Each structure stands twice: as C-alpha cells, then as structure tokens.
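What follows is a short report on a single structure.
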Amino acid sequence: MGDHQIVENAPTRAWVLHPDIRNFGGSGDERPRDPARALEEAVSLAHALPGLEVVGNEVVRLPKPHPGLLFGTGKIEELKARLEANKIELVLIDGPVSPVQQRNLEKAWGVKLLDRTGLILEIFSDRAATREGVLQVEMAALSYQRTRLVRAWTHLERQRGGLGFVGGPGETQIEADRRAIDEQLVRLRRQLAKVVKTRDLHRKARAKVPYPIVALVGYTNAGKSTLFNRLTGAEVMAKDMLFATLDPTMRRVKLPEGGPEVILSDTVGFISDLPTELVAAFRATLEEVLAANLIVHVRDISHPESEEQAADVRAILASLGVVEDTPQIEVWNKIDLLADPTARLNAAARSDDIVALSAITGQGMDDFLTEVSHRLTGLRTEEDMTLTFAQGKQRAWLHEQGVVESEEQIDEGFALTVKWTETQKRRFAAL
C-alpha cells in the first residue's frame, strides 16, 4: 500500500450508474422497474456505505450489454471524461458486472469498480454484528471473490509492476488461490455449523420463555427500526439508510393495558433483485422470522412503488419457507408523508390485517398495539390434558415449547395444563 498515501478520513468520491438494459435476459413480458427509481435506490445503497461521497449518478440506456465491456466504446469514452472531470475514484454499477467487464472498465477509466453484489457485500460486512452474521458475510464474500480471481490478479500484477510474471500469472497461481479459498470456505462452514448449533440452544432456551415472538419485516427503508425504537425505547440504529439493521435485534416488550409480554425482533431490510448468493447467505439474519408467532410487515405507504416493494417482501418470505399459517399484520407506515391520507386510512380501516400509522409522529400506534395484543392473546388457548408414562416424547416436546402451565403426576401418567397456539396444537397432534 506504500506507493500512495491514504488521506485520513477523506471520503472516496463515487459515481453511481444504473444500466437500463432493455429486455435484459427476459422474454420482455415482465415489467421492467422504473430506471429513475432503481437509480434512486442504488444511490441510497451507496449512502449506506460509510466513507463514500456520491458525487454524481445517472441512468445509462443500453439496447444490450456488450460482453467484454458492458457499455459501447463511445459511451465508455463519454463516461471517462465525466469521471475524470469529477475526480472519481470509485464507480458503482447497479447491476451484475462480469469479472472480465469489471477488469476492462477499471482499466479504461482508471478507477475501482463495484457491481451491485459487491456493494451489498461491502454494506453487509460493515454492518454484520453477530458472530454468525460475520461468518455468513465472509462466506458470501469468498464465493463472490472466487469468480473474480482473474481480476484480483491483474491488480496484483499492476501493483508489482509485472514483477516475476511474464505474460501474466500462470493458471497454476489462480488454481492455487481457488484452492485456498475453497479450504477457507470449508473452514467457515464448519465454524458456522457450530454457531448455528449454539444459536439453536439459545432459541430453545428462549422457547422456554413463554413470550410470543413478533418479527418486524419489510422493504429496506420502510421504517422498521423507527417503529422498533418507538415500541422498545431502544436506540437501535434508525438511520435513513438501506440495510441499517443487519442482525436481528431482539427486545422484550410489555404490550400496554394488560397485553402480553412479547419478544420483538427487528430484521434486515429486504431489497428487490437481491443477488441469489446473498439471499442464501443471509437466511441466518432472518431465521428469527421463522420462529415468529406474528409477522409484522412494515410498508412505506408513501413510496410510489410501495406495491412492488410489498410483493418483493412477500416473495422473500415465501422463499424462506415462512408458513402460510403464521399470522401477519401489514403496517402502512409514513402516513405523515401523504398529502391526503384519507383514502389510505379508509382502505386500511376496511381490512382486519392492515393498520395505518406513522412511527415518527406516533399517529395510529394505539390501534397497532391493540391489534398485536388481540392477535397474540387470541392465539394462545388453555387446555387440560392427560399423558401416559409412555408419552415421554410428547411431554418433552410440550416442555421444550414452554407451553406447560402446570403439571402433576397421577396414577396413569401426568395431568397437564397447557397454554398454546393453534400451530403448536396442530404440531403436537402430528407427533
């Protein structure tokens, strides 16, 4: 690193490009996203990475991507002039860029380049707080890097001034690097398996706490953390930032007016077109959602693409395997930003599953809390049952679920009083 001084705390000057590729990789029947909004989201993503100053951004229209350069040569020259005039050091491209395209563009423009996956990985690695989050990020980053070794080596070659390499690195060196990465991935998977096991123990311990789990989910920037803070009084990072929360944050909350105590879980924001290798890597951060008794889907109802965002969230929940029978409430947040909220408020009032509110001003919070209480108390019913001594497995399961209110030994086995949800009752019947 010695060949150029790093200026302390000087932000990296970045430029965001959204390639608007007509009919990209599809049959043309799916409705493409509005490029201006996609660019806006990409700029928010860039702002979520500390130390970046987004100097400019633009949509670049493309009839089709150039295999080796992404853009046509004329466009590359035009952009080069703009990047140089603005002293840009980093270009963020909101979309997939192949290793070869990346290498060629970096060479043509003399800048560092990150594609969408690379940027999201940088954000994730900056945010990951739990041991598991960190391991998941490392694994995703290594898998991503593995495909980019060709690029890593051209960099190295440039730094070393071609020293020792005549005509570039031999295939053998790249192979050796791939093997090193694969070994590291195996090691990380092993560590992860251990961490997941200990988290399972934590979850079992929590299952013994008879508090229902309420998970907040939603598109990124929908206002989940602001709502979480209002409910818990906790200073969770609520910034106007994408991915401000990466690891699920859990808090115990007593619902007002004799409502139940719950564990509230704030999760990472969802995003459209999250690269598949990252969805897999971040299942962990959403695992609390799978254990939830109630899912609260927070929507930014003031956003022009609120419908599309909500569809993205539902699709990710479905891909996570969130069961149909987990009750959900939809929260229409940010009604304070609507010019005329009446129509939205009326629509929300007509549905049992929707509550309109503003997490910032507090309007509608009482209705929301009442609805959560109602859902959760309505969820748990008390029943008496008798188990024989032979039903040890069933008895152990009930204790593990933390649903046993009282138990005494009788001649034929055990007399129990359980307080459980419909889901638990069904699972018990299937044992």
Just checking, does the stretch 315-332 include any residue being touching a residue at least 60 places away in the same chain (Cβ under 8 Å), touching a Gly at 6+ places or on another chain (Cβ under 6 Å) and closer than 23 Å to Glu257 by Cβ? no
Scope the stretch 244-268; condition part of a loop (DSSP other than H, G, I, E, B) and modelled with pLDDT under 75; matching residues: Ala244, Thr245, Leu246, Asp247, Pro248, Glu257, Gly258, Gly259, Val268
For a quick check of your reading of the model, give me the residue pairs whose first member lies in the stretch 176-205 and is modelled with pLDDT of 80 or more and in a helix (DSSP H, G or I), whose second is aromatic (Phe, Trp, Tyr) and surrounded by 15 or more Cβ atoms within 10 Å (Cβ to Cβ), with beta-carbon atoms closer than 9 Å and at least 6 apart or on different chains. Asp177/Trp153
Output the number of residues of the stretch 77-96 satisfying the condition of being crowded, with 17+ Cβ neighbours inside 10 Å, hydrophobic (A, V, I, L, M, F, W, C) and over 16 Å from Leu39 (Cα atoms). 4
Residues that are over 26 Å from Leu188 (Cα atoms) and out of contact with any helix residue (DSSP H, G or I) (no Cβ under 6 Å at 6 or more places or on another chain): does the stretch 115-122 have at least one? no
May I ask you to say which residue of Glu122, Glu132, Glu58 is assigned to a strand (DSSP E or B), within 30 Å of the chain's Cα centre (by Cα) and among the acidic types (Asp, Glu)? Glu58
Any residue at all in the stretch 373-385 that is in contact with a strand residue (DSSP E or B) (Cβ under 6 Å, 6 or more places away or on another chain), more than 22 Å from Arg344 (Cβ to Cβ) and part of a loop (DSSP other than H, G, I, E, B)? no
Residue in the stretch 284-297 that is within 14 Å of the chain's Cα centre (by Cα) and at pLDDT 90 or above present: yes
From Ala310, Ala315, grab the single residue that is under 20 Å from the mean Cα position of the chain (by Cα), more than 22 Å from Gly233 (Cβ to Cβ), crowded, with 20+ Cβ neighbours inside 10 Å and among the aliphatic types (A, V, I, L, M). Ala310
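The values are calculated or read from the model by the stated rules, or taken from the named source; none is laboratory data. Computed from a predicted model, the values in this text were never measured in an experiment. In this analysis, Cβ positions are derived from the backbone assuming ideal geometry, glycine residues included, and neighbour counts consider all displayed protein chains.
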